[in-house]
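Some notes on the structure that comes next.
Throughout, read-outs are computed from the coordinates displayed, never taken from laboratory work. Everything quoted here is computed from the prediction, not taken from an experiment. Glycine also receives a Cβ, built like all others from the backbone with ideal geometry; neighbour counts cover every protein chain displayed.
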Amino acid sequence: MPTPKLIQKVPTNVITGFLGVGKTTAIQHLLANRPENERWAVLVNEFGEVGIDGALFGSEQEGEIFIREVPGGCMCCAAGLPMQVALNQLLTKARPHRLLIEPTGLGHPREVLESLSSLVRSDVLDLRATMTLVDARHIMDERYLCNETFRQQIEVADLIVANKSDLYEADELEHLRRYLTFLPGDSDKPLQTVVQGKIEPDWLEAASTFQHPDKGENHHHSPPPELEDEPLPKCGYRRAENSGEGYHSCGWRFDPAVVFVYEKLFSLISGSMSERIKGVFITEEGVFGFNKADDVLSIMELDDTLESRVEMINADQLDWDAIEAALLESRTNVSDSAR
C-alpha cells in the first residue's frame, strides 16, 4: 500500500468577526463557489457547548467538503489541545486544497493564529489573508468599542469586510473608516463592502501579514467538556451552559426521535430576547436551520441532520429554565405527563 504524500502548504484563511456578523453565511458562499475538483476543509469554533455551525453549513460532500467543529469556547485554549487535535484529524481526513478556520465571535483570533505557528513553520499550512467581517451599523456601539476581542479581530485582519452593507445608513461606513484610522500600527487596512457575505474568492489569496511569535501565549481556561460525545439521558435531551467574555450561552441537544412542531418553534425563536440564536431542528414539516442575529431570523431547509440542537447567546443571563420548558412544549405529541 503506497505511503500517503506529506500534507504541505495548504492555503489557510482565518475568517473572524463578532457575533452575528455573518461569518457562517460568508463561508457558505465561499464553499458554493470553490473551484471544481478541489477539496476544502472548514474548522469552526463555537462559543457554546453545543455545535450548530456544522449542521448549518449543510452536509459534508464526500471527497469535496469536510467540516470539523470545536465547541465550548475559544479553540486555542487549554494549551491549544482541542484545536490541534481537531485540526490534525481534519487535515488527515480531508487532505484539502484549502482550509478555512472560523473562530467563535467571542474568541481570541490572535491566539488562534499563534496556535497555527508550528504548522506554518513546518510547511504544513500556508497562512493567507485573515479576514475580519464587520457590521458597520454597530461600530459606535460601546459594547463593541470597549470589547477587547472585537478590537483584536480588527487588529489582526489583513482585510476588513464590511458585511450587510445594503443595510447601512449614509454615515455608518464612514464611521468604520474613521475607526480604522485610530488603530495602532498599520491603520491602512484594505476595506471591502459586501452584501449577504458574498466574499470574492480571489480575496483569499492575499498574503498574511501576521508575525508569528517564537512561543505562543496560552490562555488559562478550563478544557471544554466533551459534550458532543456524551450519550443523551433517558429524558431525550441534554443542556449545557457557558459564560465568558461578558456573554452567557445555553445549548440543548435532543434525541433524533424527538420531532418538533415548526410553527411553535418559529414563534418561540422569533420572539426570543436572546441576542444570538442558532439551531437545527427535526420538525413535522422537515429539517430546518434557524439563524437569528440583530432581531433578524433566517430559516433554511436542510436535507438532514443527526439530531436537533440549539444554542442561545446573550449578554445578560436569561431564564434558561423557562426557555427549556418552551422548547419541550414545542415537541410533537407532548403528553400531559410531560408538560
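Packing here is the average count of other Cβ atoms within 10 Å per residue, and on that basis the peptides 155-162, 303-310, highest first, run 155-162, 303-310. Roughly how many whole Å is it from the C-alpha centroid of region 14-31 to that of region 304-335? Cα centroid to Cα centroid, the span is 24 Å. Pairs from the list Lys164/Lys278; Lys23/Lys234; Lys93/Lys292 with a Cα-Cα gap above 29 Å: Lys23/Lys234; Lys93/Lys292.
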